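**Student:** Let me give you the structure first, and then I'll get to my questions.
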C-alpha cells in the first residue's frame, strides 16, 4: 500500500501558518508528500525545503486572482497538489496548513487504510475534529463548528476539492466514507488578537472578489464571541506542536463564561446532541456508510481525546 500526503500553501511565514508542523505530523505514514507552493512573497518555499525530507516534492503554482470569490482558489490549489500525486499511490492524505495529527493516531490511521484498501465502497476516511480557539488551552465545542471532515481519499482522479477546499466530491456527488476514531487538531483560530484580525483580512480577499487587500496590522483587538461554547483542553498536543506552543507570547484573557452563553434554541439543540448524538440540521460534506466490519463505524457520542 502506498500513501501520498498533499497540501497547498502560500505566504506561510507572513500569515504564521504551522505548515511545517502540519506536514511533519503525517509524514511518517506517507511514502511521498506533495506541496503546492503558491507564488509567495516570503520564504515559504525555503521553510518547507528545510524539513529536509526526500519524501517531499514541491510544485510551484500561481494562484488565479480571478477566483477571488467563495474561496474557490483554495479548492483549485488543492486539486493541483492532488493531481500531482504518483499514479501508483493508493490513498491520498490531505492536510491543511493550520491542522495537525497527533502521533498517537498514526498507527490507527495506517491500519484503517490497510483494512479499507480492498473495499471499494469506501471512497474516503472521515476524521473527527478538535477546534482550538484563542489559546492552545481551550477548544470550541458548539454547533458553530464542523465536527467531521474527509482527510483521506482514494487516489482516484475523478475526486476533486469542493468549494473552498473543505470537502471533496466525485462525479459531482458526495464521497462515501467510513468514520474512523482519529482527530484532526485544528489550530487556525489560535492566534493573538491582531493575528486573528489579519487572518480575517487575508481570507476576505479570497472570498470577496471586490475586497481590497489590507496590509497586516501589528496591534488590533478581536471579538472572540464567535466561538460559542469553549472548554478547557486537558489532553496532550502533537509532539510537532510543542515548540510552537512553548513560544506562545500572548495571554488569552477573554471571559469564558460570557462567550459560552447560548440562546434557548441552541441550548435545546445542544441537549439533544448530548443525549442522542444527533445534530439536527447539521450539514454533512459526505455520505457516512453503514458498514459491517470488524471495526464498525462509530456514529454517535464522540469523546474528545485526553
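The values are calculated or read from the model by the stated rules, or taken from the named source; none is laboratory data. All of these numbers come straight from a predicted model, not from anything done at the bench. Backbone-built Cβ (ideal geometry, glycine too); neighbour counts: all protein chains shown.
**Student:** Among the residues of the range 184-203, which ones are crowded, with 20+ Cβ neighbours inside 10 Å and touching a strand residue (DSSP E or B) at 6+ places or on another chain (Cβ under 8 Å)?
**Tutor:** 184, 185, 186, 187, 189, 190, 196
**Student:** Report, by residue number, each residue of the range 122-146 that is part of a loop (DSSP other than H, G, I, E, B) and at pLDDT below 95.
**Tutor:** The answer is 134, 141, 142, 143, 144, 145, 146.
**Student:** Then there's this: Kindly establish whether residue 19 is in contact with a strand residue (DSSP E or B) (Cβ under 8 Å, 6 or more places away or on another chain), without any contact (Cβ under 8 Å) to a residue 60 or more places away in the chain and surrounded by 17 or more Cβ atoms within 10 Å (Cβ to Cβ).
**Tutor:** When the stated conditions are applied, residue 19 does not pass them.
**Student:** Now for a separate question. With the checklist (1) at pLDDT below 80; (2) surrounded by 15 or more Cβ atoms within 10 Å (Cβ to Cβ); (3) under 28 Å from residue 100 (Cα atoms) in hand, flag the one item residue 240 doesn't pass.
**Tutor:** (1)
**Student:** Any idea how many residues of the range 93-121 are assigned to a strand (DSSP E or B) and within 19 Å of residue 288 (Cα to Cα)?
**Tutor:** 2
**Student:** Moving to a separate point now. State whether the residues of the range 63-85 include one that is in a loop (DSSP other than H, G, I, E, B), in contact with a strand residue (DSSP E or B) (Cβ under 6 Å, 6 or more places away or on another chain), touching a residue at least 60 places away in the same chain (Cβ under 8 Å) and surrounded by 18 or more Cβ atoms within 10 Å (Cβ to Cβ).
**Tutor:** Within the range 63-85 (the criterion being in a loop (DSSP other than H, G, I, E, B), in contact with a strand residue (DSSP E or B) (Cβ under 6 Å, 6 or more places away or on another chain), touching a residue at least 60 places away in the same chain (Cβ under 8 Å) and surrounded by 18 or more Cβ atoms within 10 Å (Cβ to Cβ)), the answer is yes, since at least one residue qualifies.
**Student:** Which number in (1) in contact with a helix residue (DSSP H, G or I) (Cβ under 7 Å, 6 or more places away or on another chain); (2) surrounded by fewer than 21 Cβ atoms within 10 Å (Cβ to Cβ); (3) over 21 Å from residue 170 (Cα atoms); (4) modelled with pLDDT of 95 or more marks the one condition that residue 37 misses?
**Tutor:** (2)
**Student:** What number goes with the only condition from (1) more than 14 Å from the chain's Cα centre (by Cα); (2) modelled with pLDDT of 95 or more; (3) buried (at least 18 other Cβ atoms within 10 Å of the Cβ); (4) assigned to a strand (DSSP E or B) that residue 181 does not pass?
**Tutor:** (3)
**Student:** Another question, then. I'm checking my understanding of the structure. Among residues of the range 154-166 that are in contact with a helix residue (DSSP H, G or I) (Cβ under 8 Å, 6 or more places away or on another chain) and in a strand (DSSP E or B), which one is farthest from residue 110 (Cα to Cα)?
**Tutor:** Here the residue is 162.
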